[in-house]
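Take a look at the structure set out below.
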Amino acid sequence: MPLCLALVAAGVVLRQVDRVWFTRGRPRTARATELIPLQRARANNWTPVLLLAGQWLQIAGWWLLAAQGLLPAAVAAVGVAVAFRHLQEISHFAVHGVLARTVGANRLLGEVFAHLPLGLPPIAVRRRRHVRDHHPNATLATDPNITDLREAGLHLGVGRMQFALALLYPLTPRGIRATITAIAASLRRSPGRAAAVGALLATAFLIGGPAALVYGVLVPRLLLYPQLAHLSLLVEHTWFDPEPRAGSPAEVEAGRCLRLYPRRRLLAALAAATWLPYGDLYHYAHSAHPSVRWSYLPALERHLAPPHFLPRALLWGAGSVVRRHRNALMPQPAAASAPAGRPVAA
């Protein structure tokens with residue numbers, strides 16, 4: 001047990017090198033034109049390696065913990081799922097080209113430390129889908145994320161029970177099948193991608209035995225991590241009732257983004273440490289200025305005018321994210337005449 005905790009703690013400490021390097025001297029509030037030169041001056045290829053290595057060091061600690069019994073294995077499953085979620089979000093900034101200093105380093109680090117071991121599509125595929133197809137078209141019918149939400153069951157006229165199941169889509173039989181199908185499609189792309197996943201499974205087994213294989217890889221990768229990623233997608237935009245705006249990128253994004261927990265610091269900190277890491281809590285600021293690294297998004301957000309929806313809660317209450325999505329998807333007589341580009345019933 002001490003070794004497990006030591007590895008997890010060492011991984012946390014190692015990750016702080018990147019944070020300190022990029023945030024020292026950061027202004028409390030600033031516009032993007034002030035932050036980007038600072039970001040470029042600090043850009044390098046070595047602190048991101050330490051950051052990613054720290055994540056995997058933590059995962060190794062969770063694998064050791066999984067072998068200590070059923071309760072430790074359950075804790076390890078959650079810990080690994082959170083780490084996988086962190087890797088996804090770090091590689092998201094690699095896709096935008098702001099994780100490391102060079103284009104090649106961004107691509108290499110994103111592939112080696114995240115996409116290959118997690119069975120995700122190649123970085124180039126994700127970049128095309130996310131940067132080209134999602135960012136300019138967020139909440140529009142052409143946004144690939146709208147397609148994902150429809151496949152999960154979120155569409156106009158959805159019933160109460162179907163809506164509840166859609167919120168838990170990755171944990172349903174249909175969602176699990178979709179996750180496995182996506183991984184299989186990625187592995188079929190090349191023997192190298194299949195070998196990387198095989199190496200992950202073998203390493204987990206060597207470190208923590210069968211318990212690490214089941215609770216340290218399969219349960220987090222097939223169930224828990226997809227559910228965390230699904231929840232993070234739900235809180236990025238007012239997907240089904242955006243407020244169309246014109247003007248600067250920040251003004252446009254203010255009409256279709258939200259900011260969860262704007263005045264609930266404890267919940268915001270918990271979310272940022274677990275399921276909304278590395279800038280995902282600040283998705284509005286990221287959407288307005290995608291070329292800004294997560295290290296500077298808090299300062300950028302303080303400079304921007306707030307988005308039009310500032311929910312205090314995720315699941316419950318009149319002003320929660322889930323309630324807003326539910327109200328937007330309730331049967332409406334005028335749904336058939338929704339403005340062009342808006343999502344319509346599947």
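Nothing in this text is a laboratory measurement; each read-out follows from the coordinates by a stated rule. Predicted, not measured: the structure shown is a model, and the values here were computed from it. Here Cβ is always computed from backbone atoms with ideal geometry, including for glycine, and neighbour counts include all displayed protein chains.
Spatially, segment 57-83 and segment 113-147 are offset by 29 Å when compared through their Cα centroids. Overall size of segment 1-49 from C-alpha positions, given as principal axis extents largest first: 48, 23, 13 Å. Here the chain is scanned for chymotrypsin sites (Phe, Trp or Tyr not before Pro) in DSSP loops (not H, G, I, E, B) that have at most 14 other Cβ atoms within 10 Å, and the longest stretch holding none of them is 47-315. Short-range pairs are left out: with C-alpha atoms under 8 Å and at least six residues apart, the relative contact order of the chain is 23 percent. Here is the P(r) of segment 1-129: all C-alpha pair distances, binned every 10 Å from 0, give 13, 37, 31, 16, 3, 0 in whole percents.
Altogether, the Stokes-Einstein calculation at 20 °C and 1.002 mPa s, with the Kirkwood radius of the chain over Cα pairs as Rh, returns a diffusion coefficient of 102 µm²/s. A convex hull fitted around the alpha carbon atoms of segment 183-338 yields 186 Å³ per residue. Scaled against 2.2 N^0.38 Å for its residue count N, the alpha carbon radius of gyration of segment 75-191 is 1.18. Expressed as a whole percent, the proportion of Cα-Cα pairs in segment 149-191 lying more than 14 Å apart is 52%. Among 217, 292, 12, the residue with the largest mean-square fluctuation in a Gaussian network model of the chain, with springs joining Cα atoms closer than 10 Å, is 12.
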